[in-house]
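One structure is given here, and the rest of the page talks about it.
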Amino acid sequence: MSGSPELDAALVAALADFAAHDRVLVATDFDGVLAPLVVDPMDSRPVEGGMPALTSLADLPGTTVALVSGRALAPLGELSGAGHDGPLVLIGSHGAEDSRGESGLALDDDQQALLRTLDEELAALREEHPGLRVEDKPAGRVVHTRGLPDDEAQAALDAARELGARHTSLEVTPGKGVVELAVAHVGKGVALVALADELGAQAVFYAGDDLTDEHGFEALADDADAGRAARRLTVHVGDGDTQARFRVADEQAMVALLEALLFARREATAR
Ligand SMILES: [Mg+2]
(Lines give C-alpha, C1' and ligand atoms only; values in the text may rest on other atoms or scores of the structure.)
Protein backbone atom coordinates (compact mmCIF):
# COMPACT_ATOMS: atom_id res chain seq x y z
CA MET A 1 0.00 0.00 0.00
CA SER A 2 1.31 3.46 -0.81
CA GLY A 3 0.11 7.03 -0.41
CA SER A 4 -2.53 8.25 2.01
CA PRO A 5 -5.43 5.96 2.83
CA GLU A 6 -8.71 7.18 1.33
CA LEU A 7 -11.07 8.69 3.87
CA ASP A 8 -14.75 7.87 3.85
CA ALA A 9 -16.78 10.62 2.10
CA ALA A 10 -19.15 10.99 5.08
CA LEU A 11 -16.15 11.49 7.36
CA VAL A 12 -14.67 14.16 5.07
CA ALA A 13 -18.02 16.01 5.09
CA ALA A 14 -18.19 15.74 8.91
CA LEU A 15 -14.65 17.18 9.17
CA ALA A 16 -15.69 20.21 7.11
CA ASP A 17 -18.78 20.80 9.30
CA PHE A 18 -16.71 20.44 12.45
CA ALA A 19 -13.99 22.80 11.18
CA ALA A 20 -16.54 25.57 10.51
CA HIS A 21 -17.23 26.30 14.22
CA ASP A 22 -15.55 29.27 15.93
CA ARG A 23 -14.19 27.37 18.93
CA VAL A 24 -13.30 23.68 18.70
CA LEU A 25 -11.52 21.12 20.83
CA VAL A 26 -9.50 18.52 18.92
CA ALA A 27 -8.62 15.74 21.36
CA THR A 28 -7.08 12.36 20.79
CA ASP A 29 -5.78 9.33 22.62
CA PHE A 30 -2.09 8.55 21.98
CA ASP A 31 -1.36 4.80 22.00
CA GLY A 32 -3.13 2.88 19.26
CA VAL A 33 -4.20 6.14 17.58
CA LEU A 34 -1.05 8.19 16.97
CA ALA A 35 1.44 5.47 17.90
CA PRO A 36 1.23 1.72 17.21
CA LEU A 37 0.82 -0.55 20.25
CA VAL A 38 4.16 -2.12 21.20
CA VAL A 39 5.33 -4.80 23.66
CA ASP A 40 7.26 -2.42 25.92
CA PRO A 41 5.13 0.71 26.49
CA MET A 42 8.26 2.87 26.67
CA ASP A 43 9.23 1.83 23.11
CA SER A 44 6.11 3.56 21.75
CA ARG A 45 6.73 6.17 19.01
CA PRO A 46 4.23 8.24 17.01
CA VAL A 47 3.83 7.44 13.30
CA GLU A 48 5.12 10.08 10.90
CA GLY A 49 2.85 13.04 10.25
CA GLY A 50 0.38 12.81 13.13
CA MET A 51 2.06 15.04 15.70
CA PRO A 52 3.01 17.76 13.14
CA ALA A 53 -0.63 17.90 11.98
CA LEU A 54 -1.81 18.34 15.58
CA THR A 55 0.79 21.02 16.31
CA SER A 56 -0.24 22.93 13.17
CA LEU A 57 -3.90 22.65 14.18
CA ALA A 58 -3.06 24.11 17.60
CA ASP A 59 -1.62 27.21 15.86
CA LEU A 60 -4.94 28.02 14.20
CA PRO A 61 -7.43 30.46 15.80
CA GLY A 62 -10.10 29.04 18.10
CA THR A 63 -8.49 25.61 18.06
CA THR A 64 -7.31 23.79 21.16
CA VAL A 65 -5.55 20.44 20.73
CA ALA A 66 -5.28 17.91 23.57
CA LEU A 67 -3.71 14.49 23.98
CA VAL A 68 -5.88 12.50 26.39
CA SER A 69 -4.16 9.34 27.57
CA GLY A 70 -4.09 6.75 30.30
CA ARG A 71 -0.35 7.32 30.49
CA ALA A 72 1.23 9.45 33.18
CA LEU A 73 1.95 13.01 32.06
CA ALA A 74 5.76 12.79 31.92
CA PRO A 75 6.06 9.79 29.55
CA LEU A 76 3.14 11.13 27.48
CA GLY A 77 4.98 14.42 26.88
CA GLU A 78 8.25 12.63 26.22
CA LEU A 79 7.05 9.83 23.91
CA SER A 80 4.72 12.05 21.88
CA GLY A 81 7.42 14.73 21.57
CA ALA A 82 4.79 17.28 22.60
CA GLY A 83 6.71 18.23 25.76
CA HIS A 84 5.19 19.99 28.72
CA ASP A 85 5.24 23.62 27.60
CA GLY A 86 4.30 23.06 23.96
CA PRO A 87 1.12 24.18 22.21
CA LEU A 88 -0.76 20.95 23.05
CA VAL A 89 -2.72 20.38 26.26
CA LEU A 90 -1.72 17.03 27.80
CA ILE A 91 -4.26 15.17 29.91
CA GLY A 92 -2.65 12.15 31.60
CA SER A 93 -3.66 9.23 33.83
CA HIS A 94 -7.20 9.10 32.37
CA GLY A 95 -7.89 12.70 33.33
CA ALA A 96 -6.18 12.74 36.73
CA GLU A 97 -3.28 14.88 35.42
CA ASP A 98 -3.27 18.08 33.32
CA SER A 99 -0.12 19.69 31.86
CA ARG A 100 -1.51 23.16 32.58
CA GLY A 101 -1.96 22.54 36.29
CA GLU A 102 0.37 21.97 39.21
CA SER A 103 2.48 18.90 38.55
CA GLY A 104 1.86 15.79 40.57
CA LEU A 105 -1.16 14.51 42.39
CA ALA A 106 -2.17 15.01 45.98
CA LEU A 107 -3.05 11.55 47.28
CA ASP A 108 -4.50 11.29 50.77
CA ASP A 109 -3.07 8.93 53.43
CA ASP A 110 -5.49 6.12 52.60
CA GLN A 111 -4.68 6.34 48.90
CA GLN A 112 -0.93 6.31 49.60
CA ALA A 113 -1.32 3.27 51.87
CA LEU A 114 -3.37 1.52 49.20
CA LEU A 115 -0.65 2.24 46.62
CA ARG A 116 1.95 0.59 48.90
CA THR A 117 -0.28 -2.47 49.39
CA LEU A 118 -0.78 -2.63 45.65
CA ASP A 119 3.00 -2.62 45.08
CA GLU A 120 3.46 -5.53 47.51
CA GLU A 121 0.73 -7.59 45.90
CA LEU A 122 1.96 -6.85 42.38
CA ALA A 123 5.49 -7.93 43.36
CA ALA A 124 4.01 -11.29 44.40
CA LEU A 125 2.00 -11.47 41.16
CA ARG A 126 5.15 -10.87 39.14
CA GLU A 127 6.82 -13.86 40.81
CA GLU A 128 3.91 -16.04 39.73
CA HIS A 129 3.92 -14.63 36.19
CA PRO A 130 7.44 -13.82 35.05
CA GLY A 131 7.41 -11.59 31.99
CA LEU A 132 4.59 -9.47 33.39
CA ARG A 133 5.38 -5.73 33.29
CA VAL A 134 4.19 -3.27 35.90
CA GLU A 135 4.17 0.40 34.95
CA ASP A 136 4.25 2.97 37.75
CA LYS A 137 1.81 5.84 37.50
CA PRO A 138 1.28 8.71 39.94
CA ALA A 139 -2.10 7.38 41.07
CA GLY A 140 -1.83 3.68 40.32
CA ARG A 141 -0.12 0.84 38.55
CA VAL A 142 -0.65 -0.71 35.12
CA VAL A 143 -0.16 -4.43 34.55
CA HIS A 144 1.01 -5.15 30.99
CA THR A 145 0.83 -8.64 29.48
CA ARG A 146 1.64 -7.84 25.85
CA GLY A 147 4.32 -10.23 24.56
CA LEU A 148 3.32 -13.08 26.91
CA PRO A 149 1.88 -16.32 25.48
CA ASP A 150 -1.94 -16.00 25.24
CA ASP A 151 -2.90 -18.39 28.07
CA GLU A 152 -0.24 -16.96 30.35
CA ALA A 153 -1.38 -13.40 29.55
CA GLN A 154 -5.02 -14.28 30.28
CA ALA A 155 -4.13 -15.89 33.62
CA ALA A 156 -2.09 -12.84 34.61
CA LEU A 157 -4.87 -10.43 33.58
CA ASP A 158 -7.43 -12.48 35.55
CA ALA A 159 -5.18 -12.42 38.62
CA ALA A 160 -4.69 -8.64 38.31
CA ARG A 161 -8.45 -8.12 38.00
CA GLU A 162 -9.05 -10.31 41.09
CA LEU A 163 -6.51 -8.27 42.99
CA GLY A 164 -8.41 -5.14 41.96
CA ALA A 165 -11.73 -6.64 43.02
CA ARG A 166 -10.37 -7.50 46.51
CA HIS A 167 -9.59 -3.83 47.19
CA THR A 168 -12.91 -2.14 46.61
CA SER A 169 -11.50 1.40 46.55
CA LEU A 170 -9.28 0.54 43.58
CA GLU A 171 -10.60 1.62 40.20
CA VAL A 172 -10.02 -1.27 37.79
CA THR A 173 -9.74 -0.34 34.10
CA PRO A 174 -9.15 -3.20 31.66
CA GLY A 175 -7.71 -2.55 28.20
CA LYS A 176 -5.98 -4.44 25.41
CA GLY A 177 -3.42 -6.63 27.19
CA VAL A 178 -3.45 -4.31 30.19
CA VAL A 179 -5.26 -3.81 33.47
CA GLU A 180 -4.94 -0.51 35.26
CA LEU A 181 -5.40 -0.38 39.02
CA ALA A 182 -5.81 3.21 40.20
CA VAL A 183 -6.23 4.69 43.68
CA ALA A 184 -7.70 7.90 42.20
CA HIS A 185 -9.64 8.08 38.97
CA VAL A 186 -11.30 10.75 36.88
CA GLY A 187 -11.98 9.08 33.53
CA LYS A 188 -11.47 10.31 29.98
CA GLY A 189 -15.16 11.18 29.51
CA VAL A 190 -15.34 13.50 32.52
CA ALA A 191 -12.00 15.07 31.57
CA LEU A 192 -13.07 15.72 27.95
CA VAL A 193 -16.37 17.39 28.82
CA ALA A 194 -14.72 19.47 31.57
CA LEU A 195 -12.08 20.70 29.11
CA ALA A 196 -14.72 21.49 26.47
CA ASP A 197 -16.70 23.50 29.08
CA GLU A 198 -13.62 25.36 30.22
CA LEU A 199 -12.71 26.33 26.64
CA GLY A 200 -16.26 27.18 25.64
CA ALA A 201 -15.83 24.76 22.73
CA GLN A 202 -18.82 24.49 20.38
CA ALA A 203 -17.73 21.14 18.99
CA VAL A 204 -15.42 18.36 20.14
CA PHE A 205 -13.42 15.91 18.04
CA TYR A 206 -12.20 12.80 19.86
CA ALA A 207 -10.34 9.77 18.52
CA GLY A 208 -9.47 6.62 20.47
CA ASP A 209 -8.91 2.89 20.12
CA ASP A 210 -9.56 1.31 23.51
CA LEU A 211 -12.22 0.62 26.15
CA THR A 212 -11.40 3.77 28.12
CA ASP A 213 -12.02 5.81 24.96
CA GLU A 214 -15.55 4.40 24.79
CA HIS A 215 -16.19 6.34 28.03
CA GLY A 216 -15.03 9.42 26.16
CA PHE A 217 -17.36 8.73 23.21
CA GLU A 218 -20.30 8.12 25.58
CA ALA A 219 -19.64 11.23 27.66
CA LEU A 220 -19.50 13.41 24.54
CA ALA A 221 -22.80 11.90 23.32
CA ASP A 222 -24.35 12.62 26.76
CA ASP A 223 -22.84 16.13 27.03
CA ALA A 224 -25.17 18.42 29.02
CA ASP A 225 -24.65 20.96 26.20
CA ALA A 226 -27.02 19.21 23.79
CA GLY A 227 -25.92 21.27 20.79
CA ARG A 228 -22.31 20.34 21.39
CA ALA A 229 -23.30 16.68 21.83
CA ALA A 230 -25.01 16.78 18.44
CA ARG A 231 -21.90 18.32 16.86
CA ARG A 232 -19.44 15.75 18.27
CA LEU A 233 -17.08 14.07 15.85
CA THR A 234 -15.95 10.79 17.40
CA VAL A 235 -13.65 8.31 15.69
CA HIS A 236 -12.71 4.78 16.67
CA VAL A 237 -9.41 3.37 15.40
CA GLY A 238 -9.43 -0.32 14.45
CA ASP A 239 -11.97 -3.15 14.64
CA GLY A 240 -14.46 -3.96 17.39
CA ASP A 241 -17.72 -2.52 18.70
CA THR A 242 -17.76 1.19 19.37
CA GLN A 243 -20.04 4.10 20.27
CA ALA A 244 -18.00 6.39 18.01
CA ARG A 245 -19.69 7.87 14.93
CA PHE A 246 -16.82 7.06 12.57
CA ARG A 247 -14.09 4.51 12.23
CA VAL A 248 -10.65 4.42 10.60
CA ALA A 249 -8.47 1.33 10.13
CA ASP A 250 -5.18 2.26 11.74
CA GLU A 251 -2.65 4.93 12.73
CA GLN A 252 -1.81 5.73 9.08
CA ALA A 253 -5.47 6.41 8.35
CA MET A 254 -5.56 8.63 11.45
CA VAL A 255 -2.70 10.72 10.02
CA ALA A 256 -4.68 11.14 6.77
CA LEU A 257 -7.71 12.17 8.84
CA LEU A 258 -5.74 14.74 10.88
CA GLU A 259 -4.22 16.19 7.71
CA ALA A 260 -7.70 16.50 6.19
CA LEU A 261 -8.92 18.16 9.40
CA LEU A 262 -5.96 20.59 9.30
CA PHE A 263 -6.79 21.46 5.68
CA ALA A 264 -10.48 22.02 6.50
CA ARG A 265 -9.68 24.10 9.59
CA ARG A 266 -7.19 26.27 7.67
CA GLU A 267 -9.84 26.95 5.02
CA ALA A 268 -12.51 27.75 7.62
CA THR A 269 -10.34 30.05 9.76
CA ALA A 270 -8.90 31.92 6.73
CA ARG A 271 -12.34 33.23 5.79
MG1 LIG B 1 -5.15 3.88 23.16
Report task. Whole number in Å², please: accessible area per residue of the chain, 1.4 Å probe, ligands, DNA and RNA not counted. Result -> 45 Å²
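Would region 171-217 count as rounded, prolate or oblate if I go by the C-alpha gyration tensor, calling it rounded below 1.5 in a/c and otherwise prolate when a/b exceeds b/c, oblate otherwise? Walk me through the intermediate numbers first.
Working: a/c = 4.56, a/b = 1.74, b/c = 2.61.
In terms of gyration-tensor shape, oblate.
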Report task. Note down, for region 141-271, the three equivalent ellipsoid semi-axes (square root of 5 times each alpha carbon gyration tensor eigenvalue), biggest first, whole angstrom. Result -> 33, 20, 11
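What is the diffusion coefficient of the chain in µm²/s, taking the Kirkwood radius over Cα pairs and the Stokes-Einstein relation at 10 °C with a viscosity of 1.306 mPa s?
On the way: Rh = 19.2 Å.
It diffuses with D of about 83 µm²/s by this estimate.
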Query raised in the report: Leaving out ligands, DNA and RNA but keeping every protein chain, what accessible area does Val186 have, in Å² rounded to the nearest 10, with a 1.4 Å probe?
Result: 60 Å²
Query raised in the report: What residues have an amide H closer than 5 Å to that of Ala35, excluding those fewer than 5 places away on the same chain, when H is modeled at 1.01 Å from N in the peptide plane?
Result: Val47
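Determine the order of Leu79, Leu199 by accessible area, beginning with the largest, at a probe radius of 1.4 Å.
Details: Leu79 15, Leu199 35 Å².
Sorted by accessible area, descending: Leu199, Leu79.
At a 1.4 Å probe, what is the % contribution of carbon and sulfur to the accessible area of region 109-182? It would help to have the intermediate numbers written out before the result.
Values: 1740 of 3800 Å².
C and S atoms contribute 46 percent here.
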**Report entry** About the Cα centre, charge dipole magnitude for region 109-182 (Lys/Arg +1, Asp/Glu -1 at Cβ), debye
**Finding:** 220 debye
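Could you compute the FRET efficiency for Ser169 and Ala249, with r as their C-beta to C-beta distance and R0 at 35 Å, rounded to 0.05?
Details: r = 39 Å, r/R0 = 1.12.
E(calc), rounded to 0.05, equals 0.35.
When DSSP beta bridges are limited to those with both residues in the chain, what percentage is antiparallel, rounded to the nearest 5?
Numbers: 17 of 38 bridges.
Bridges in the chain are about 45 percent antiparallel.
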**Report entry** region 9-121 - charge dipole about Cα centre, Lys and Arg +1 at Cβ, Asp and Glu -1, debye rounded to 20
**Finding:** 560 debye
Report summary line: Farthest towards the positive end of the dipole of the chain, among Ala72, Ala184, Thr234 and with Cβ unit charges of +1 on Lys and Arg and -1 on Asp and Glu, lies the Cα of Thr234
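For every other residue with a beta carbon closer than 15 angstrom to the beta carbon of Ser169, add +1 if it is Lys or Arg and -1 if Asp or Glu, then tell me the sum. Walk me through the intermediate numbers first.
Details: positive: Arg116, Arg141, Arg166; negative: Asp108, Asp109, Asp110, Glu121, Glu171, Glu180.
Charge balance in the 15 Å sphere: -3.
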Query - Peptides ranked, highest mean first, by Cβ atoms within 10 Å: ranges 65-71, 156-162, 41-47 - result: 65-71, 156-162, 41-47
Query raised in the report: Expressed in nm², what is the orientationally averaged projection area of the convex hull enclosing the Cα positions of region 43-120?
Result: 6.4 nm²
Query raised in the report: How much solvent-accessible surface does Phe263 expose, in Å² to the nearest 10, with a 1.4 Å probe and all protein chains in place?
Result: 140 Å²
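Where a ≥ b ≥ c are the square roots of the eigenvalues of the C-alpha gyration tensor, would you call region 109-182 rounded, which needs a/c under 1.5, or, failing that, prolate if a/b is larger than b/c, or oblate?
Working: a/c = 1.90, a/b = 1.73, b/c = 1.10.
Taking the square roots of the gyration eigenvalues as a ≥ b ≥ c, region 109-182 is prolate.
The values are calculated or read from the model by the stated rules, or taken from the named source; none is laboratory data. Note that the structure is a prediction, hence the values are computed from the model and not measured. Positions of Cβ are generated from backbone atoms using ideal geometry, with glycine treated the same way; all protein chains shown enter the neighbour counts. Ligands, DNA and RNA are stripped out before the accessible areas are found, and what is left, the full protein with its side chains, is counted by its heavy atoms. Shrake-Rupley method; radii C 1.70, N 1.55, O 1.52, S 1.80 Å.
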